[in-house]
Amino acid sequence: MTTTEMYIDLTRRLSDITAIEESLGILQWDQEIVMPKGATAARGRQMATLAAILHQNVSSPALGGLLERLSAAGDLDELAQANVREANRDHQRAAKIPEDLVRQWTALTVQAHDVWVDARQATDFDLFRPTLERLVELAKRRAAAVDPNRAAYEVLIDEFEVGMSMARIDQVFAELKATLIPLIAQVRARFDRGGLPNTAWLQTHVAPQLQREVGEAMVRALGFDFDRGRLDTSVHPFCGGAGTDDVRITTRYKETAFLGSLSGMIHETGHALYEQGRNRGLGDQPVSRARSMGIHESQSLLWEKQVGQAAAFWQPHYPLLQSKYEFLANVPFDDFVFGLNLVDLQNFIRVDADELTYPLHVILRYEIERDLFADRLTVAEIPQAWNDKMQQYLGIVPPNAAQGCLQDVHWSGGSFGYFPSYTLGAVYAAQFMQSARLSVAVEATLSAGQIEPLLSWLRSHIHQHGSRFSTDELVTRATGRPLDTAPFLAYVTAKYERLYGL
């Protein structure tokens, strides 16, 4: 069999694998959006069976042999080599995990979601604790199966951030804390002095249906293709679906916090634009996948924070918002922009956090997970550890578990090691925007209501490349250097010193 014939065989096999992954994505979306609660056990069985079939395909010795021969071939082009590399990584990892563990893991994560929802509604961590303990136990077993010689948490991080180490994350987060904690203290002192714009309008009652109408208009304005996607409501906002042509985003509505749903929709649209901007011709191949969750979060945070909270972006859109929300007629544009960027020092919820305090919400979760998997912390100790770190970093303590350690969906899905991606994404986003400005008149085009110039830069430098390059190479190609906290720290320092007159 020639190299070309072998590669065609590989792409067919990988396309089948992707179809199973996409089917699991739709089942998960259905569970969170429309599935009746009584179907949880059946859904667990369905997803566990599909996950086992997926695992059989990815870990197949036949696939492994094909990948081995293609890895040694010298006549593949660069893109095909990258596809083989990514597929081989998936195969090597899957081949080490027993199928029985895959079934247990999938069934438990389906069950755990409903347990988490009930515990969150009851604000009772003990309802979720036994399930979380089981999830942590299984996650440790999965990590040990993949690489018994590495720290379990580092193996789990590698599922979301390929090649990332705890040492590197620790360094990045230490640099962020060194600047953010004193900067937040300055903002707190500025609040104490008074004289800042009135932001009471932020709590104005707005019906969910009107919030959806306005949000959908903004999602369309950002370039989301509703012919290849949809918008729904969920307990926790997310972007999911089944590949580049079926991208599904969700938000949630709070009647006295209308900006929360709007910013959530912009955030998830950033994810969706990445998915819809991947190479559709290779959409069923590993090389087309998003490079990492940190890069994925860079896209959502770039649009939500650096664009969606910028005065330039809202100059052409604020009149539409005022026409829909009549109370904004009395809110001057500069006050609106200040409200968009309000540092809420009493906020307990990560997804509602402002740009300045958000990284600390993520860092405390990372530190808890790191200690949990190093056996320096037990599951039972999480609520107290959470509250202690909230006090240490943000000066507040959640009144209950629903606003504390039960607020995020991630642990119920077994996504241990995901949280660092959010703040790594913020750092990448600042780096990308700094470089985009060298080619695109970002403020001028946004002020003119033109999204396309910035989106096109992201399409050509990030989206279309998928997983063709390593994370460091992708970032270096786009910005001239790998991950660097300097652009983010310079950006937030200048922005909040200006807004708050520090």
* Asked: Within the stretch 136-186, can you find the residues that are hydrophobic (A, V, I, L, M, F, W, C), surrounded by fewer than 21 Cβ atoms within 10 Å (Cβ to Cβ) and over 23 Å from LEU474 (Cα atoms)?
  -> VAL136, LEU138, ALA144, ALA145, VAL146, ALA151, ALA174, ALA178, ILE181, LEU183, ILE184, ALA185
* Would you check if ALA95 is closer than 22 Å to VAL379 by Cα and either touching a helix residue (DSSP H, G or I) at 6+ places or on another chain (Cβ under 7 Å) or in contact (Cβ under 8 Å) with a residue 60 or more places away in the chain (or both)? => no
* Could you please let me know if GLY240 is under 30 Å from ASP90 (Cβ atoms), under 19 Å from the mean Cα position of the chain (by Cα) and not β-branched (Val, Ile, Thr)? => yes
* Asked: Out of the stretch 197-211, which residues are buried (at least 16 other Cβ atoms within 10 Å of the Cβ) and out of contact with any Phe, Trp or Tyr (no Cβ under 7 Å at 6 or more places or on another chain)?
  -> LEU202
* Hey, among GLY281, GLY339, which residue is surrounded by fewer than 19 Cβ atoms within 10 Å (Cβ to Cβ), at pLDDT 95 or above and in a helix (DSSP H, G or I)? -> GLY339
* Asked: Hey, among SER292, SER288, which residue is surrounded by 21 or more Cβ atoms within 10 Å (Cβ to Cβ), in the same structural domain as ASP335 (by TED's automatic domain parsing) and either in contact with a Gly (Cβ under 8 Å, 6 or more places away or on another chain) or among the charged types (D, E, K, R) (or both)?
  -> SER288
* To do: Could you list, in sequence order, all residues of the stretch 171-191 that are under 21 Å from PRO420 (Cβ atoms) and among the β-branched types (Val, Ile, Thr)?
  => VAL172, THR179, ILE181, ILE184
* Would you tally the residues in the stretch 308-317 being under 20 Å from the mean Cα position of the chain (by Cα) and buried (at least 22 other Cβ atoms within 10 Å of the Cβ)? => 1
* Structure fact -> Output for Cβ contacts, cut-off 9 Å, separation at least six or different chains, first residue not assigned by TED's automatic domain parsing to the domain that holds ALA310 in the stretch 322-339, second at pLDDT below 95 and surrounded by 15 or more Cβ atoms within 10 Å (Cβ to Cβ), reads none
* Check on ILE462, touching a Leu at 6+ places or on another chain (Cβ under 8 Å), surrounded by fewer than 18 Cβ atoms within 10 Å (Cβ to Cβ), under 30 Å from TYR318 (Cβ atoms) and among the aliphatic types (A, V, I, L, M) -> no
* **First in the stretch 463-492 and touching a residue at least 24 places away in the same chain (Cβ under 8 Å), second anywhere and in a helix (DSSP H, G or I) and aromatic (Phe, Trp, Tyr), Cβ under 7 Å, 6 or more apart** => HIS463/TYR274; VAL475/TYR428; ALA478/PHE432; THR479/PHE432; LEU483/TYR428
* **From the options ARG370, ARG376, ARG365, residue that is assigned by TED's automatic domain parsing to the domain that holds VAL187, over 23 Å from the mean Cα position of the chain (by Cα) and at pLDDT 95 or above** => ARG376
* To do: Mind counting the residues in the stretch 396-409 that are surrounded by fewer than 17 Cβ atoms within 10 Å (Cβ to Cβ) and modelled with pLDDT under 95?
  => 0
* To do: Could you check the stretch 33-143 for helices (runs of 4 or more DSSP H) lying wholly inside it with 2 or more residues that are under 29 Å from ILE8 (Cβ atoms) and small (Gly, Ala, Ser)?
  => 40-58, 61-72, 78-95
* Does any residue of the stretch 416-439 turn out to be closer than 30 Å to ASN88 by Cβ and surrounded by fewer than 22 Cβ atoms within 10 Å (Cβ to Cβ)? -> no
* To do: From the list SER300, SER323, pick out the single residue that is part of a helix (DSSP H, G or I), of a type in the set (Gly, Ala, Ser) and closer than 19 Å to TYR422 by Cβ.
  => SER300
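The values are calculated or read from the model by the stated rules, or taken from the named source; none is laboratory data. Owing to the predicted nature of the structure, the values given are computational and were not obtained by experimental measurement. Note: ideal-geometry Cβ built from the backbone for every residue, glycine included; neighbour counts use all protein chains shown.
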